[in-house]
1. Collect the residues in segment 108-134 that are out of contact with any Leu (no Cβ under 9 Å at 6 or more places or on another chain) and of a type in the set (Asp, Glu), keeping them in residue-number order.
2. When you go through (1) over 21 Å from VAL142 (Cβ atoms); (2) of a type in the set (A, V, I, L, M); (3) not assigned by TED's automatic domain parsing to the domain that holds GLU47 one by one for ALA81, which number turns out not to apply?
3. Search segment 24-43 for residues that are without any contact (Cβ under 8 Å) to a residue 12 or more places away in the chain and pair each with any residue that is surrounded by fewer than 18 Cβ atoms within 10 Å (Cβ to Cβ) and part of a strand (DSSP E or B) when their beta-carbon atoms are under 8 Å apart and the residues are at least 6 apart or on different chains.
4. Which of the strands (runs of 3 or more DSSP E) contained wholly in segment 39-119 include at least 3 residues that are modelled with pLDDT of 95 or more, within 18 Å of LEU130 (Cβ to Cβ) and away from the ligand (no atom under 16 Å from the Cβ)?
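The values are calculated or read from the model by the stated rules, or taken from the named source; none is laboratory data. Keep in mind the model is a prediction, meaning the values are calculated, not measured. We place every Cβ from the backbone using ideal geometry, glycine too, and count neighbours over all the protein chains shown.
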Amino acid sequence: MSLDKLFPNKLKCKPVPLIPFTCKVNGEQRNLEVPPTYRLADLICGEFQLSGTKTFCGNGHCGACSVVMNGKLVNSCLIMAYQANHTEIETIECISKGTLHPLQEKLMEEGELQCGYCTPGRVMAIKALLDSNKRPTREEIVEALSGNLCHCTGSGGMIRAIEKYLDESPVSKKSTEVLGGYDDHT
Ligand code: FES
């Protein structure tokens, strides 16, 4: 027997209308229709198939889902799709193109990676920092990483890696060039 016959008075739910959505992701224009309940994290990991961005807590505590939206670091699990409409998004995929970026090589040298789950979000936090501050102090680096939790190694290796990377990077370069990201919003 069908469910309709079993429960003739059950509440009939109307399908949720999709909303038009447009944004630029890593320099590429994306236009689609999305359910209004979608978060930016759902779009990045699902619709856009950008698997570098991770989700873990889903409520803004861990920072694993960090991306840059209009030049600002955001937790993509806390941003609804409509809030990201008509924005420019940068994800970890804009940092390295085929090969590891020098910053990522420094992270490996310093043993910063263990499970690696938090690393994309942390790299995006550093990108956002360097976009606004070419020569951050150690305190500023620690502050920039404070929203990105690591349960394996802590932040010591990452801070050393960033300082090494900065020591070897030309100060005058824009960080988007230094970090290898596309450079469309500067
Ligand atoms: Fe978004 Fe943890 S998954 S902050």
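1. GLU109, GLU110, GLU112
2. (3)
3. That search, which allows pairs on different chains as well, returns GLN29/THR22; ASN31/PRO20; ASN31/THR22.
4. Values: elements: 66-69, 72-75, 88-90.
Strands (runs of 3 or more DSSP E) meeting the threshold: none at all.
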